[in-house]
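Engineer: Please see the structure below; I have some questions.
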Amino acid sequence: MNEELLKKCVAEILGTFIFLGVIITLVNNPSSNLRSLKIGLSLMVAIVFFGSVSGGHFNPAVSFMLYMNDKINETDLIFYIISQLIGALLAYFVFVTIIENDKKKIN
């Protein structure tokens, strides 16, 4: 993996982490207001910070669409999807860890 692809992968991991972290948190908080706006803003923030590095896909469906339109190659597609899955898993595990710690504090 070259340095440029590594930067793109890190950007996709971080952007996906931010985007899905907000989604997971809001979906699990039914009292949250303006969920759609918050989700849209989180995607906007991720794109502003990382879009210039990786293109700001943050979703395997977006990466696949760009691959089908010859905007990225097979190697990038594979690494993007792996990076997005890593970012999603990290967001999930951070959320679960925070929830578990909150439950311990309550009890």
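Engineer: Could you count how many residues in segment 53-81 are in contact (Cβ under 8 Å) with a residue 60 or more places away in the chain and under 22 Å from Ser42 (Cβ atoms)?
Structural biologist: Count: 1.
Engineer: For segment 27-50, what are the residues that are within 14 Å of the chain's Cα centre (by Cα) and either surrounded by 16 or more Cβ atoms within 10 Å (Cβ to Cβ) or at pLDDT below 95 (or both)?
Structural biologist: Within segment 27-50, Ile39, Ser42, Leu43, Ala46, Ile47, Phe50 meet the criteria.
Engineer: Next question. Which of the residues that make up segment 40-82 are touching a helix residue (DSSP H, G or I) at 6+ places or on another chain (Cβ under 6 Å), closer than 15 Å to Leu5 by Cβ and assigned to a helix (DSSP H, G or I)?
Structural biologist: Answer for segment 40-82, where residues must be touching a helix residue (DSSP H, G or I) at 6+ places or on another chain (Cβ under 6 Å), closer than 15 Å to Leu5 by Cβ and assigned to a helix (DSSP H, G or I): Phe50, Val53, Ser54, Ser63, Tyr67, Leu77, Phe79, Tyr80, Ile81.
Engineer: Quickly run through segment 67-84 and pick out the residues that are over 11 Å from Cys9 (Cα atoms) and surrounded by fewer than 16 Cβ atoms within 10 Å (Cβ to Cβ).
Structural biologist: Within segment 67-84, Met68, Asn69, Asp70, Lys71, Asn73, Glu74, Thr75 qualify.
Engineer: Determine if segment 30-37 includes at least one residue that is of a type outside the set (Ser, Thr, Tyr) and either in contact with a Pro (Cβ under 9 Å, 6 or more places away or on another chain) or touching a residue at least 12 places away in the same chain (Cβ under 8 Å) (or both).
Structural biologist: no
The values are calculated or read from the model by the stated rules, or taken from the named source; none is laboratory data. This one's a predicted model, so the numbers in the text were calculated from it and none came from an experiment. Positions of Cβ are generated from backbone atoms using ideal geometry, with glycine treated the same way; all protein chains shown enter the neighbour counts.
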